[in-house]
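Before any comments, here is the structure.
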Amino acid sequence: MGEYGAVDAHGAAGEPGAVGAGNDAHMPGAMDAGYDTHVRDTVGAGSVAAVAEALRAYRLIVAMWVRSTMAYRASFVLTALGNFAATALDFVTIVLMFSHITTLGGFTLPEVAFLYGTTSTAFGAADLLLGSMDRLGRRVRDGTLDTLLLRPVPVLVQVAADRFALRRFGRILQGALVLAWSLARVDVAWTPAKVLLVPLMLVGGTAIFGAVFVCGAAFQFRAGDASELQNSVTYGGNTMLQYPPGVFARELVRGVTFVVPLAFVNWLPALHILGRPDPVGLPGWVAFCSPLVALLCCAVAGAAWRAGLRSYRSTGS
Amino acid sequence: MERAGDAAGTEHAPDSAAEPVIELEGVAKVFDVRHRAGRGLRRERREVRAVDGLTFTVPRGEVVGYIGPNGAGKSTTIKMLTGILNPSAGRIRICGIDPTRERTRLARRIGVVFGQRTTLWWDLPLRDSYELVRRMYRIGTARYEANLARCVELLDLSALLDVPVRQLSLGQRMRGDIAAALLHDPEVLYLDEPTIGLDVISKSRVRDFLRTVNAERSTTVLLTTHDLTDIETLCRRVMVIDHGRLMYDGGLAGLHAVGESERTLVADFAHELAPVTVEGARFVRAEGPRQWLAFPAAASAAPLVAALAARYPLVDLSVREPAIEDVIARMYGQPG
């Protein structure tokens with residue numbers, strides 16, 4: 001079901017010659033913020049200058065890729081549309097399901113759309129910013145990682161920005177459209193706290209997905225090729241989050257909350273916004289922990305990345 | 001930069017007071033190699049000492065040939081000197097910087113060229129790659145343009161600037177890579193097999209360029225190669241490494257002495273002769289009126305020629321220098 005879009009997106013991400021173009025003037029702030037937390041953590045030492053330097057390098061590399069593929073505008077438009085359509089099929093599946101039922105696990109269509117829209121947008125943003133991370137395994141195997149270690153720029157930045165593909169913007173756009181539609185239709189008594197929670201979910205979600213990407217990449221330093229494992233966590237996790245928690249077994253839900261904190265991406269905050277009881281029974285304030293969990297995830301990802309790089313530099317493979 | 005113009009100059013003996021740019025002290029690199037032992041799932045771990053206690057220094061402006069058979073530890077050394085790999089033991093300083101702890105700071109002061117793989121961006125035209133290098137290294141516009149213009153001129157890159165790297169031939173790509181490694185005026189240049197797979201013209205262009213750069217900027221160069229013409233034309237000092245240890249460190253001439261190499265005298269006589277006998281040389285082979293005689297590389301050819309001319313109807317002769325391949329092969333070939 002939801003796998004269609006996921007598989008397609010992955011295939012496109014891994015496609016070497018794929019081109020995307022457009023201009024980088026419309027990068028949403030949420031994406032910058034998500035990236036920021038990553039780099040801050042990875043560069044470590046809390047040095048503001050180092051973060052600024054890393055961000056500058058990221059922008060340089062991204063700008064170059066965007067510029068260099070501008071020549072293929074038509075190709076960009078087509079691949080971006082393809083990306084958009086493929087991910088849209090995900091949601092079409094859900095809509096079709098609702099033509100036979102009125103609620104799914106007690107959730108109405110706009111509510112499911114809300115879950116779907118927030119996750120898809122956050123995931124899309126992380127995928128746009130750090131989607132090239134799963135190429136690390138190949139770089140380790142063919143030795144091209146060595147050349148990245150020769151440049152005066154953090155390796156993480158170079159890996160993340162490599163072959164930056166603006167066409168992945170299609171997924172964000174699709175997620176944002178679904179989210180906008182759901183916000184207009186969902187039956188919620190909006191309070192300032194609930195309104196604030198929506199952008200928090202997006203930023204926190206982007207950071208958490210990004211942290212998972214980085215962790216998966218860090219693992220590839222050792223495992224050689226863990227991108228399949230990484231995708232089972234991210235793309236699989238992404239699909240699961242697009243359905244209400246009640247659909248899945250209680251144990252699985254618990255596992256997702258604690259093992260892979262992806263639930264903070266949207267389940268807990270969304271349940272709070274929609275005024276639903278939480279199946280695991282966590283206290284209400286947990287809904288607002290998304291940014292904290294995101295920071296924690298980034299810290300773990302940063303540590304994992306540093307450990308991976310250290311191990312690479314001591315073994316050479 | 002402090003050193004006067006012709007650092008690569010005509011004399012050997014590098015200024016002993018010159019500051020060392022590359023310093024190694026007891027550097028070792030041990031890899032843990034795992035492989036399946038016989039049948040079953042049991043895996044054996046084996047320690048491989050790729051580099052085993054290297055100690056040497058290279059003063060500013062020197063061009064050093066770093067040679068040895070495959071698997072001797074040449075690439076591992078270069079990777080440690082650039083900060084790609086951390087040494088298992090010992091101390092490394094490049095321009096006073098510890099590559100392990102300050103890799104990115106060191107990166108601004110060194111240039112690296114791997115013959116086997118490019119450091120350029122595969123899908124981008126050379127010009128874009130260079131532009132990105134300029135920004136990454138924060139090279140001032142004036143300096144960048146001067147350096148680029150110089151590289152384009154000397155390496156004949158003008159027609160290639162707009163071609164994506166993946167469409168370049170090996171020789172073109174190598175020239176492009178060398179230019180990229182020099183745009184930020186590195187103090188040290190590491191070249192790992194820079195002429196591998198190149199045609200004769202590309203090779204000589206690359207060598208000329210490296211000589212010019214060394215002479216103009218006193219760039220310190222460490223060069224690994226299998227092509228000993230590279231060494232003969234570029235390096236006054238040669239280091240030979242095998243099994244991770246330094247076997248020889250000195251001038252090219254000394255290498256011949258150590259390797260007991262021989263020069264060859266090719267003599268053309270007026271007519272076919274029985275193998276000639278001359279003191280200080282040994283007969284190698286004959287082909288019609290032409291005969292090959294070997295004599296120690298350190299000995300002079302003059303008395304030999306005089307003796308030959310006195311005793312035999314000598315028509316023409318030439319002296320062939322030993323190939324360093326043979327010299328090194330002999331060094332390694334010797335038992336023990």
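Overview of results
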| read-out | value |
| --- | --- |
| Residue among B:ARG101, B:ARG93, B:ARG117 that is more than 8 Å from chain A (Cβ to nearest Cβ), of a type outside the set (A, V, I, L, M, F, W, C), within 21 Å of the chain's Cα centre (by Cα) and surrounded by fewer than 20 Cβ atoms within 10 Å (Cβ to Cβ) | B:ARG93 |
| Test: residue in segment A:302-316 that is at pLDDT below 70 and either buried (at least 17 other Cβ atoms within 10 Å of the Cβ) or more than 14 Å from chain B (Cβ to nearest Cβ) (or both) | yes |
| Residue selected from segment A:133-147 under the condition at the interface with chain B (Cβ under 9 Å from one of its Cβ atoms) and without any contact (Cβ under 8 Å) to a residue 24 or more places away in the chain, by the criterion surrounded by the fewest Cβ atoms within 10 Å (Cβ to Cβ) | A:ASP142 |
| Any helices (runs of 4 or more DSSP H) falling wholly within segment B:115-225 and containing at least 1 residues that are at pLDDT below 90 and out of contact with any helix residue (DSSP H, G or I) (no Cβ under 7 Å at 6 or more places or on another chain) | B:170-182, B:200-217 |
| When residues of segment B:74-90 are limited to those that are in contact with a strand residue (DSSP E or B) (Cβ under 7 Å, 6 or more places away or on another chain) and not hydroxyl-bearing (Ser, Thr, Tyr), the one nearest to the other protein chains (Cβ to nearest Cβ) | B:LEU85 |
| Failed item in (1) assigned to a loop (DSSP other than H, G, I, E, B); (2) crowded, with 18+ Cβ neighbours inside 10 Å, with A:LEU202 passing the rest | (1) |
| Counted residues, segment B:105-114 - those being crowded, with 23+ Cβ neighbours inside 10 Å, within 7 Å of chain A (Cβ to nearest Cβ) and not in a strand (DSSP E or B) | 1 |
| Helices (runs of 4 or more DSSP H) fully within segment A:1-117 counting 2 or more residues that are buried (at least 21 other Cβ atoms within 10 Å of the Cβ) and modelled with pLDDT of 80 or more | A:48-68, A:73-97 |
| Test: A:ARG168 is within 24 Å of A:PHE84 (Cα to Cα) and under 15 Å from the mean Cα position of the chain (by Cα) | yes |
| Test result for B:ALA274, in the same structural domain as B:THR76 (by TED's automatic domain parsing), hydrophobic (A, V, I, L, M, F, W, C) and not in a strand (DSSP E or B) | no |
| Condition check for B:ARG175: in the same structural domain as B:ARG108 (by TED's automatic domain parsing) and either touching a residue at least 40 places away in the same chain (Cβ under 8 Å) or surrounded by fewer than 17 Cβ atoms within 10 Å (Cβ to Cβ) (or both) | no |
| Residue pairs meeting the criteria (Cβ under 8 Å; at least 6 apart or on separate chains; first more than 8 Å from chain A (Cβ to nearest Cβ), in segment B:129-143; second small (Gly, Ala, Ser) and buried (at least 20 other Cβ atoms within 10 Å of the Cβ)) | B:SER129/B:GLY176; B:SER129/B:ALA180; B:TYR130/B:ALA179; B:TYR130/B:ALA180; B:VAL133/B:ALA180 |
| Test: residue in segment A:121-132 that is within 14 Å of chain B (Cβ to nearest Cβ) and in contact (Cβ under 8 Å) with a residue 60 or more places away in the chain | yes |
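Condition check ((1) at pLDDT 90 or above; (2) at negative phi) across all residues:
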{"site": "B:ILE22", "(1), (2)": "yes, yes"}
{"site": "B:GLU44", "(1), (2)": "no, yes"}
{"site": "B:GLU47", "(1), (2)": "no, yes"}
{"site": "B:GLY83", "(1), (2)": "yes, no"}
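The values are calculated or read from the model by the stated rules, or taken from the named source; none is laboratory data. Quick caveat, the model's predicted, so the values are computed rather than measured. Here Cβ is always computed from backbone atoms with ideal geometry, including for glycine, and neighbour counts include all displayed protein chains.
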